[in-house]
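The values are calculated or read from the model by the stated rules, or taken from the named source; none is laboratory data. Note that the structure is a prediction, hence the values are computed from the model and not measured. Here the Cβ positions follow ideal geometry from the backbone for every residue, glycine too, while neighbour counts run over all protein chains shown.
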Amino acid sequence: MSALKIKKGATSHSAYNLRPNYSDTVERHTLAVLVENEPGVLARVIGLFSGRGYNIDSLTVAEVDHLGHRSRITIVTNGTPQIIEQIKAQLGRIVDVHKVNDLTVEGSSVERELALFKVSGKGENRIEAVRLADIFRANVVDSTLESFVFEITGTPEKIDAFAELMRPLGLQEIARTGVAALSRGAV
Amino acid sequence: MTKAMTGAKMVVQALIDQGVEVVFGYPGGAVLPIYDEIFQQNSITHVLVRHEQGAVHAAEGYARSTGKPGVALVTSGPGATNAVTGLTDALLDSIPLIVLTGQVPTFMIGSDAFQEADTVGITRPCTKHNWLIKETDKLAATLHEAFHVATSGRPGPVLIDIPKDVQFATGTYTEAKQVETHYNPQVKGDIDAITELVKAMETAKRPVFYTGGGVINSGPQASQLLRELVAATNFPITSTLMGLGCYPASGDNWLGMLGMHGLYEANMAMHDCDLMINIGARFDDRITGRLDAFSPGSKKAHIDIDASSINKVIHVDIPILGDVAHVLEDLLNVWKSRGRKTNQEGLSNWWDQINDWRAVKCLDFTQEGKIIKPQYALQRLEELTKKHDRYITTEVGQHQMWAAQYLGFEDPNRWMTSGGLGTMGYGFPASIGVQMAHPDALVINVAGEASWLMNMQELGTAMQFNLPVKQFILNNERLGMVRQWQQLLHGERYSSSWSESLPDFVKLAEAFGAKGIQCHDPDTLDDAIMEMITHDGPVLFDCLVEKHENCFPMIPSGKAHNEMLMGDASTDGAISGAGEALV
Ligand SMILES: Cc1ncc(C[n+]2csc(CCOP(=O)(O)OP(=O)(O)O)c2C)c(N)n1
Ligand SMILES: [Mg+2]
């Protein structure tokens, strides 16, 4: 047995918890991921985020090129610059991923989301809801004597703002599509 | 040319076309059609293991010792779930494997059928890629693609799940050359980045090469170029556990392994260097220790084929994305064309410093009395086997670290250990895979008694296939590495770390028809090892060693490279003055 005196409890903190000195500012990034339209790709992408502890604020996926067999996954995530770089590199090495674009850093982009709002109420509230919907350019897509379903498109912030205003007016349910995004310009 | 055949036949045909010679596997209902095809051909040898975990580790041993992908074949449900540990092991160590699993017929998927498991779901996080095949027509192309994906870029395990009806149905066989793939990772490094590294190398006063398993994975050419580069620049070189053998242990510039149980000189050189050149390693936490104190004064370059390894934990100044062999070739050319410059004066001072560190002789120990020290057992094993055509596998624990410290590796693919996952039970089946690939070589698994018991059933496989693998068990009757941590970090409360009720290993060997040897006396150790080597057949060598020996040097987790704990022999007298900083 070693005669050495060994300090008890030598571990103050483990390397597992440490991160290098990158900026600590958490940034929001929108990533466009072009993937092979195969079963399991989405599971791999989502599994990557949950397995490695990354955040998903929004995720949308749909086939965008039927002949080319491609789908586009749009992910809004947040993290420090180093984490964002890791996320992109990790996505990039998935075998069925063709391309990862960070729309937040690669020039300016447009983002849209569609949402449906069910608002129920009577009297003043009902009138106020319609008035606000008009200001936000939301359409009424269903109505009863006690309720409306509004359809609204816009940036996630605009939809958040609309939700805040509807809440006291009888907001029952929201369905949001998640963000679709494209870079601005010709290509 | 198109050929019609059943899915089961396609599997065998594709394996033959891909040059596969050995498949490790275990049959069951969902793979019977494939086994039927295996029965009717002679090109491929099927090794029947005794547990599916053994099949995957054996395939790993085969792959790690040849550089070729290893192949395993198992049934659905429990066969597939038993393969999970091996897949994860291969993923973490970047070992190319093709694992074929049977699946219930397509029309029964999702019905909780007998022996149904969501194999692609379960194995998604532990494979580089996996596929569930639903049409026989796509099977052959997928098999060929699987070999491509497993072996290109950063290698890794892939899995193909094949429902039984797909195996029975007839489809069109696709030749490998007809298969299109979009998976094509970049191998050439960026020449500007390489030139920047060369410039840094020209002026560095205290450079060090920090190499890893990526050099081995890149192929023999990479090790060759690395040796040329080290010889030409006279820079010191260390390596991770995974990279041992990429530079010869007998080489002048070799500092030994680095990391948690690495050598003093290697860790100190990493801590004090001014230029760190990481070649195919990944700044694992066993290597870096405390991150904010990791090599604080150095400029860091990192050559890696996987972009996600670069800047993952350590920020590097010169990232180079590419295959090691390709990048080293360009690096050497650029360095030569710019006049083969290094900072001679700086280097000479650096070597003086390194030689002072070497003089600490951190691996020294004293063998005295009648009890074999594990270090001594390995030193003797090294002496008596190093001239042989030798391959070493290990289990996981203290014995593994001692093997890394006391055995010398002159070439790549000679040292096959479970690094990233640290899988007890890996070494024995891996040795079987190695011996299948190298029938005439001396294959030794350096084991701990506890690890070895985890896959001991494979002794049946070794006997059946006449594989003369040598199981060299350093028996300390302890889960030694656990006991060491409990001693150092948990107030000597040895919670469940005694190996109790151990079998009589000699009788155990004999029960399988193998040879058992027990040795407890340092004076008879050499003869016993010679008896093991010369015996033509599997040997279970029960080497009774000092029970409470600790493995040093050791960087406790959360500590920096210059905060190593040392063994008693070398710290005697070194504790005062400057040496105090080491404890
Ligand atoms: C499958 C698995 N379970 C648990 C562990 C944790 N573990 C690491 S080393 C060790 C003890 C190994 O004992 P032994 O094989 O006798 O080797 P020794 O350390 O005594 O040389 C254990 C339990 C592991 N690495 N793998
Ligand atoms: Mg033990």
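Looking at B:Glu175, B:Glu180, which one is within 14 Å of another protein chain (Cβ to nearest Cβ), of a type in the set (D, E, K, R) and over 30 Å from B:Met276 (Cα atoms)?
Working: B:Glu175 fails: within 14 Å of another protein chain (Cβ to nearest Cβ).
It is B:Glu180.
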* To do: Return the residue satisfying two criteria in turn: it lies in the range B:454-469 and is in contact with a Pro (Cβ under 8 Å, 6 or more places away or on another chain) and either within 16 Å of ligand 1 (Cβ to nearest atom) or at pLDDT below 95 (or both), and of such residues it is farthest from the other protein chains (Cβ to nearest Cβ).
  => B:Glu458
* To do: Would you check if B:Phe39 is surrounded by fewer than 20 Cβ atoms within 10 Å (Cβ to Cβ) and of a type in the set (A, V, I, L, M, F, W, C)?
  => yes
* Structure fact -> For the range B:475-491, pairs from a residue that is under 16 Å from B:Met260 (Cβ atoms) to a residue that is away from ligand 2 (no atom under 13 Å from the Cβ) and not hydrophobic (A, V, I, L, M, F, W, C), with Cβ under 7 Å and 6 or more apart or across chains, are B:Leu488/B:Pro556; B:Leu489/A:Gly9; B:Leu489/A:Thr11
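Return yes or no: is A:Ile127 within 14 Å of chain B (Cβ to nearest Cβ) and either within 23 Å of B:Leu321 (Cα to Cα) or not in a loop (DSSP other than H, G, I, E, B) (or both)? Show your work before the answer.
On the way: within 14 Å of chain B (Cβ to nearest Cβ): no; either within 23 Å of B:Leu321 (Cα to Cα) or not in a loop (DSSP other than H, G, I, E, B) (or both): yes.
For A:Ile127, the condition - within 14 Å of chain B (Cβ to nearest Cβ) and either within 23 Å of B:Leu321 (Cα to Cα) or not in a loop (DSSP other than H, G, I, E, B) (or both) - is not met.
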* **Top-ranked residue in the range A:26-84 [being under 22 Å from B:Ser309 (Cβ atoms) and among the small types (Gly, Ala, Ser); ranked as surrounded by the most Cβ atoms within 10 Å (Cβ to Cβ)]** => A:Gly79
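Yes or no, residue by residue, for (1) more than 19 Å from B:Lys299 (Cβ to Cβ); (2) crowded, with 19+ Cβ neighbours inside 10 Å; (3) in contact with a helix residue (DSSP H, G or I) (Cβ under 8 Å, 6 or more places away or on another chain):
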residue	(1), (2), (3)
B:Pro163	yes, yes, yes
B:Lys177	yes, no, no
B:Leu197	no, yes, yes
B:Met201	no, yes, yes
B:Val208	no, yes, yes
B:Gly219	yes, no, yes
B:Leu225	yes, yes, yes
B:Thr240	yes, yes, yes
B:Tyr247	yes, yes, yes
* Here are B:Phe472, B:Phe541: which of them is among the aromatic types (Phe, Trp, Tyr), more than 14 Å from every other protein chain (Cβ to nearest Cβ) and either assigned to a helix (DSSP H, G or I) or within 13 Å of ligand 2 (Cβ to nearest atom) (or both)? -> B:Phe472
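Could you please find all residues in the range B:482-513 being within 14 Å of another protein chain (Cβ to nearest Cβ) and either surrounded by 12 or more Cβ atoms within 10 Å (Cβ to Cβ) or touching a Leu at 6+ places or on another chain (Cβ under 6 Å) (or both)?
First, pick out the residues of the range B:482-513 that are within 14 Å of another protein chain (Cβ to nearest Cβ): B:483-494.
Of everything in the range B:482-513, those that are within 14 Å of another protein chain (Cβ to nearest Cβ) and either surrounded by 12 or more Cβ atoms within 10 Å (Cβ to Cβ) or touching a Leu at 6+ places or on another chain (Cβ under 6 Å) (or both) turn out to be B:Arg483, B:Gln484, B:Trp485, B:Gln486, B:Gln487, B:Leu488, B:Leu489, B:His490, B:Tyr494.
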* Where in the range B:294-396 are there helices (runs of 4 or more DSSP H), lying fully within it, with 1 or more residues that are away from chain A (no Cβ under 14 Å), within 21 Å of B:Met268 (Cβ to Cβ) and out of contact with any Leu (no Cβ under 7 Å at 6 or more places or on another chain)? -> B:344-358
* To do: Say whether the condition of being within 19 Å of B:Gln518 (Cα to Cα), more than 16 Å from ligand 2 (Cβ to nearest atom) and under 18 Å from the mean Cα position of the chain (by Cα) is met by at least one residue in the range B:444-451.
  => yes
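State which residue is nearest to B:Trp485 (Cα to Cα) when the search covers only the range B:388-415 and only residues that are among the polar types (S, T, N, Q) and within 16 Å of ligand 1 (Cβ to nearest atom). Please lay out each step first, then the result.
Going residue by residue through the range B:388-415, those that are among the polar types (S, T, N, Q) are B:393-394, B:398, B:400, B:405, B:413.
Keeping just the survivors that are within 16 Å of ligand 1 (Cβ to nearest atom) gives B:393-394, B:398, B:400, B:405.
Numbers: B:Thr393: 24, B:Thr394: 20, B:Gln398: 11, B:Gln400: 15, B:Gln405: 19 Å.
In this case the residue turns out to be B:Gln398.
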* Structure fact -> Those residues of the range B:72-131 that are among the aliphatic types (A, V, I, L, M), surrounded by fewer than 19 Cβ atoms within 10 Å (Cβ to Cβ), more than 13 Å from every other protein chain (Cβ to nearest Cβ) and not in a helix (DSSP H, G or I) come to a total of 1
* Answer yes or no as to whether B:Gln486 is within 16 Å of ligand 2 (Cβ to nearest atom) and assigned to a helix (DSSP H, G or I). => yes
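With the requirement that a residue be part of a helix (DSSP H, G or I), more than 17 Å from B:Ala281 (Cα to Cα) and of a type in the set (A, V, I, L, M), what does the range B:231-257 give you? Write out each step before concluding.
Step one: filter the range B:231-257 for residues part of a helix (DSSP H, G or I), giving B:231-233, B:241-243.
If we keep only those that are more than 17 Å from B:Ala281 (Cα to Cα) too, we end up with B:231-233.
The answer is B:Ala231, B:Ala232.
For residues that are under 20 Å from B:Ile372 (Cα atoms) and out of contact with any Ser or Thr (no Cβ under 8 Å at 6 or more places or on another chain), scanning just the range B:481-494, find the one that is nearest to ligand 1 (Cβ to nearest atom).
B:Met481
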* Asked: Scanning for something surrounded by fewer than 24 Cβ atoms within 10 Å (Cβ to Cβ) and within 26 Å of B:Gly153 (Cα to Cα), does the range B:46-66 turn up at least one residue?
  -> yes
* Among the residues of the range B:164-184, is any within 28 Å of the chain's Cα centre (by Cα) and either farther than 30 Å from B:Pro556 by Cβ or among the aliphatic types (A, V, I, L, M) (or both)? -> yes
* Looking at A:Val100, A:Val105, A:Val119, which one is within 14 Å of another protein chain (Cβ to nearest Cβ) and either in contact (Cβ under 8 Å) with a residue 24 or more places away in the chain or within 26 Å of A:Ile152 (Cβ to Cβ) (or both)? -> A:Val100
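In the range B:155-170, is there at least one residue being closer than 30 Å to B:Val230 by Cβ and either of a type in the set (Phe, Trp, Tyr) or free of Cβ contacts under 8 Å to residues at least 12 places away in the same chain (or both)?
Within the range B:155-170, the subset closer than 30 Å to B:Val230 by Cβ is B:155-156.
Checking which are either of a type in the set (Phe, Trp, Tyr) or free of Cβ contacts under 8 Å to residues at least 12 places away in the same chain (or both) leaves us with none.
The answer is no; no qualifying residue exists.
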* Structure fact -> Residues of the range B:528-570 being among the acidic types (Asp, Glu) and farther than 17 Å from B:His388 by Cβ, in sequence order, are B:Asp542, B:Glu546, B:Glu549, B:Glu563, B:Asp568
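Those residues that are surrounded by fewer than 19 Cβ atoms within 10 Å (Cβ to Cβ) and in contact (Cβ under 8 Å) with a residue 60 or more places away in the chain, I need them from the range B:439-464; list them, please. Break it down stepwise before answering.
Looking only at the range B:439-464, we keep the residues that are surrounded by fewer than 19 Cβ atoms within 10 Å (Cβ to Cβ), and these are B:439-442, B:457, B:460, B:463-464.
The answer is B:Leu442, B:Gln457, B:Gly460, B:Met463, B:Gln464.
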* Asked: Could you give every pair whose Cβ atoms fall below 6 Å, whose first residue belongs to the range B:386-411 and is closer than 22 Å to B:Pro439 by Cβ and in contact (Cβ under 8 Å) with a residue 24 or more places away in the chain, and whose second residue is outside any strand (DSSP E or B) and within 11 Å of ligand 2 (Cβ to nearest atom), counting only separations of at least 6 or pairs across chains?
  -> B:Thr394/B:Gln400
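Would you mention how many residues in the range B:375-398 are within 23 Å of B:Ser250 (Cβ to Cβ) and within 15 Å of ligand 2 (Cβ to nearest atom)?
Of the residues in the range B:375-398, the ones within 23 Å of B:Ser250 (Cβ to Cβ) are B:375-394.
Okay, now just the ones that are also within 15 Å of ligand 2 (Cβ to nearest atom), so B:375, B:377-378, B:394.
Residues that pass the stated criteria total 4.
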* Asked: What's the number of the condition B:Leu459 fails, among (1) within 16 Å of ligand 2 (Cβ to nearest atom); (2) over 15 Å from the mean Cα position of the chain (by Cα)?
  -> (1)
* Structure fact -> B:Gln518 passes all but one of the listed conditions (1) in a helix (DSSP H, G or I); (2) more than 14 Å from ligand 1 (Cβ to nearest atom); the exception is number (1)
